[in-house]
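The values are calculated or read from the model by the stated rules, or taken from the named source; none is laboratory data. These numbers come from a predicted model, not from an experiment. Cβ placement follows ideal geometry from the backbone for every residue including glycine, while neighbour counts extend to all protein chains displayed. Keep in mind that these areas ignore ligands, DNA and RNA; they rest on the heavy atoms of the full protein, side chains included. Shrake-Rupley method; radii C 1.70, N 1.55, O 1.52, S 1.80 Å.
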Amino acid sequence: MLIHPWDAGSHEDSLAFVRDHQFGTLIAAGRDRDVPVVVPTQFLLADDSTVLLHLARPNPVWKAIEENPRVVLSVTGPWTYIRGEWRAEPGTDPALGVPTTYYSAVQLICTAEIVTDDEGKLDVLRRQLADLEPTLGDPAQMPRLLSGIRGLRLAVDEVRGKFKYDGHKSEEHRERVQRAVTKAKSVLS
């Protein structure tokens, strides 16, 4: 993704965003495929360099990861369309303002390790559940379900964060756009 210097998120801010938005898209290119395998998935950022998740055994992503363990986990968050008239400079024709979209996005470039042993899969599940639903029973009590999944450990090799909110524009400009967005949302409510 194109990241201008004024849109770039720091390593810390990007990881904080990922922690707050633990649902994303896993992309595995594999080798010699027409298109990559793209899988929406829940995940856990276990620490600053490890992502854990699990998927069903029949998922086509496994073959792609076996072919090439380098994957992208793409996480996006809130976005809003910014009308051209809102971005037009004061004193100019509002019809000539340039529209854009404000959004947050982080891509984690990772090396994937497939987890197939029961203890490894239980570790992944327990850690995810401890984060999402800590009162749920131990997944070890559901061996039939355990056989239907595989786990993934993603080693984070690179973090690419983009927070596109007109960071190269003046504070006055951003405040003017914010007021227009707020006004438009209140009208729609």
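Dipole orientation for the chain: of the candidates L125, G91, S170, G91 has the Cα lying most toward the positive pole (charges on Cβ; Lys, Arg +1; Asp, Glu -1). This model, with +1 at the C-beta of Lys and Arg and -1 at the C-beta of Asp and Glu, gives the chain a dipole about its Cα centre of some 580 debye.
Local charge for R126 was computed over the other residues whose Cβ lies under 13 Å away, with Lys and Arg +1 and Asp and Glu -1, and equals -4. The alpha carbon centroids of the stretch 130-168 and the stretch 110-129 are separated by 9 Å. For the chain, carbon and sulfur atoms together expose 54% of the accessible surface, with a 1.4 angstrom probe and every protein chain in place. Farthest towards the positive end of the charge dipole of the stretch 127-189, among the residues I149, V187, P139, is the Cα of V187, using unit charges on the Cβ of Lys, Arg, Asp and Glu.
Per residue, the solvent-accessible area of the chain (1.4 Å probe, heavy atoms of protein chains only, all protein chains present) comes to 57 Å². For the stretch 1-51, the dipole from Cβ point charges (+1 on Lys and Arg, -1 on Asp and Glu) about the Cα centre works out to 240 debye, to the nearest 20. Considering all C-alpha pairs of the chain, those separated by over 23 Å amount to 54%.
Each principal axis of the Cα cloud of the stretch 79-167 was taken in turn, and the coordinate range along them, longest first, works out to 67, 30, 19 Å. At a Cα cut-off below 20 Å, give the lysines reachable from K185, other chains included and same-chain residues fewer than 8 away excluded. K185 reaches K164. R127 contributes an accessible area of around 100 Å² to the protein surface, as traced by a 1.4 Å probe with all chains present.
Check the straight Cα-Cα distances from K169 and name the lysines below 21 Å, setting aside those fewer than 8 residues away within the same chain. The reachable lysines, counting only those whose Cα sits under 21 Å from K169, are K183. Computed over neighbours whose Cβ is under 13 Å from that of K169, the net charge equals -2, Lys and Arg +1, Asp and Glu -1.
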